[in-house]
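Before any comments, here is the structure.
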Amino acid sequence: MKKLKLVGILAAVVLIGGVISIPLINNYTAYKVERALCEIPLPEETELIESLSQAGKLTGNGNGMQYFGAILIRSDLSLEKLDAYYSDYRSNEWECLMETQEGQHIEVIDHETLQFSEKIKDSGYYIVYSWGSGNSLLEELDIRGH
């Protein structure tokens, strides 16, 4: 009887631990996408304002986890020059994407509200963002991807 109770408690701990740890692991995967962007040297005349990351079903249809990381930069360079600079750091079509940032809201995110805390008052602000990938089993087990 004691063994059965111990097995039940152990199973509950494993189940609860898994439910809690899966979102944390997926959040960490998104954070690594953010950190990779932060580690890229900034172009001249450019400053890093803010960085953020998010894991979940962020854009598109159907099920699936997405891992998003972004940095907000302020630069005197044009979008074209910045895009050319960051294109050297792209290893695929989902990394180091560039857009002009107008306002705090991040437009490439469809299903959640994600925004920078920095108040964007004038021109010269840009978002550099990447989409990452993670463990497919953890993607399926995270309810935020459905």
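Please treat every number below as a calculation from the coordinates, not as lab data. As the structure is a computational prediction, the values presented were derived from the model and not from experiment. Note: ideal-geometry Cβ built from the backbone for every residue, glycine included; neighbour counts use all protein chains shown.
Of note:
- For the chain, excluding the exposed loop sites themselves (trypsin sites (Lys or Arg not before Pro), DSSP loop, at most 15 other Cβ atoms within 10 Å), the longest remaining stretch covers 1-89.
- Degrees separating the helix 2-38 axis from the principal Cα axis of the chain, which is the longest one: 10 degrees
- Residue by residue, the stretch 64-69 carries 3J(HN,Hα) couplings of x, 7, 10, 10, 10, x Hz when phi is fed to the Karplus relation 6.51 cos²θ - 1.76 cosθ + 1.60 (θ = phi - 60°); x denotes Gly or Pro.
- Computed across the chain, the Kirkwood hydrodynamic radius from all distinct Cα-Cα pairs reaches 16.9 Å.
- Other residues with beta-carbon under 12 Å from the beta-carbon of residue 59 carry, at +1 per Lys or Arg and -1 per Asp or Glu, a net charge of -2.
- Neighbourhood charge, 12 Å Cβ-Cβ cut-off, centred on residue 144 and excluding it, Lys, Arg +1 and Asp, Glu -1: -3
- Taking Cβ atoms as reference points and 13 Å as the exclusive limit, the residues near residue 115 contribute a net charge of -4, counting Lys and Arg as +1 and Asp and Glu as -1.
- Rounded to the nearest 20, the size of the Cβ-charge dipole of the chain about its Cα centre is 1360 debye, with Lys and Arg at +1 and Asp and Glu at -1.
- Estimated inter-spin distance, residue 137 and residue 123, nm [label 7 Å along Cα→Cβ]: 5.2 nm
- Over 31 Å between alpha carbons, listed pairs 57/119; 32/81; 32/119: none
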